[in-house]
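All of the numbers you see were taken from the coordinates with simple rules; none came from a lab. From a predicted model like this one, the values you see are computed outputs, not experimental measurements. Don't worry about glycine lacking a Cβ; one is built from the backbone with ideal geometry, like all the others, and counts go over all protein chains shown.
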């Protein structure tokens, strides 16, 4: 899949005079590889970084922004982000019948198959119940969380009181929660 994307980008770069920016899980995991085909990568959370990057590029300047990588004289130049976003400040996508709502970001665990701690940090951050209820008001929702039952917790043990409060606040709504296999850690399940 990545080879297809790289091939398409390389072909378009020959035809278009544009600045190419990549972000998301793959560019965050493999920024140097991605920079062989793109001008810049946004590593980690992009909500704050991307608008800053666009503004700097519009002014014709070279970005020196935390979370943005580039190649200069054959070397990758990159400053990691020092702060994580407050997910309450950013609404979920709104153009779908079943809307994904990210309720939690970050994870204290280090599962070998998962990038969550690397992308979003090891500290759990939660969207407030009020914001979740607001965004879930008009449509069915699918919660996105590295561990569904970790809502409101530090990620090491469930905060069932907070999960129950969240779910009771959405009574009568169609909510898909904990439906992806890796969203529930074994230590969060009991008989």
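Tell me the mean residue ellipticity at 222 nm calculated for the chain from its helices only (DSSP H runs of n ≥ 4, each -39500 (n - 2.57), averaged over every residue, nearest 500).
Mean residue ellipticity at 222 nm (helix-derived): -8000 deg cm²/dmol.
PRE reach from residue 133 (point 7 Å along Cα→Cβ): which of segment 143-157 fall under 15 Å by backbone N?
Residues passing the 15 Å test: none.
Rank by packing, highest mean first: peptides 114-127, 14-27, with packing defined as the count of other Cβ atoms within 10 Å averaged across residues.
Put in order of decreasing packing, that is 114-127, 14-27.
What distance in nm separates the two pseudo spin-label positions at residue 33 and residue 161, each 7 Å out from Cα along the beta-carbon direction?
4.5
Would you work out the relative contact order for segment 16-97, in percent, from Cα pairs under 8 angstrom that are 6 or more residues apart?
The value is 23 percent.
Averaging sequence separations of C-alpha pairs under 8 Å and six or more residues apart, then dividing by the length of the chain, give the relative contact order as a whole percent.
On the way: 285 pairs, mean separation 26.5, N = 191.
Answer for the chain is 14 percent.
What residues of segment 130-151 lie in the reach of a label at residue 111, counting those whose backbone N is under 15 Å from a point 7 Å from the Cα along Cα→Cβ?
Output list for this probe position: 144-151.
Against the longest principal axis of the chain, how steep is helix 49-58, in degrees 0 to 90 to the nearest 10, with axes from Cα atoms?
It works out to around 30 degrees.
What is the helix-to-structure angle for 2-15, meaning the angle in degrees between its Cα long axis and the longest Cα principal axis of the chain, kept from 0 to 90 and rounded to the nearest 10?
For 2-15 against the chain, the angle is about 40 degrees.
For the chain, report the translational diffusion coefficient in µm²/s to the nearest whole number, using Stokes-Einstein at 25 °C, 0.890 mPa s, and a Kirkwood Rh over Cα pairs.
D = 132 µm²/s.
With everything on Cα atoms, drop me the angle between helix 160-169 and the longest principal axis of the chain, reported from 0 to 90° to the nearest 10.
Roughly 90 degrees, rounded to the nearest 10.
Percent relative contact order of segment 1-47, based on C-alpha pairs within less than 8 angstrom and at least six residues apart?
On the way: 43 pairs, mean separation 17.5, N = 47.
Rounded, it is 37 percent for segment 1-47.
In the chain, what % of DSSP beta bridges are antiparallel (nearest 5)?
Values: 8 of 18 bridges.
Within the chain, antiparallel bridges account for around 45 percent of the total.
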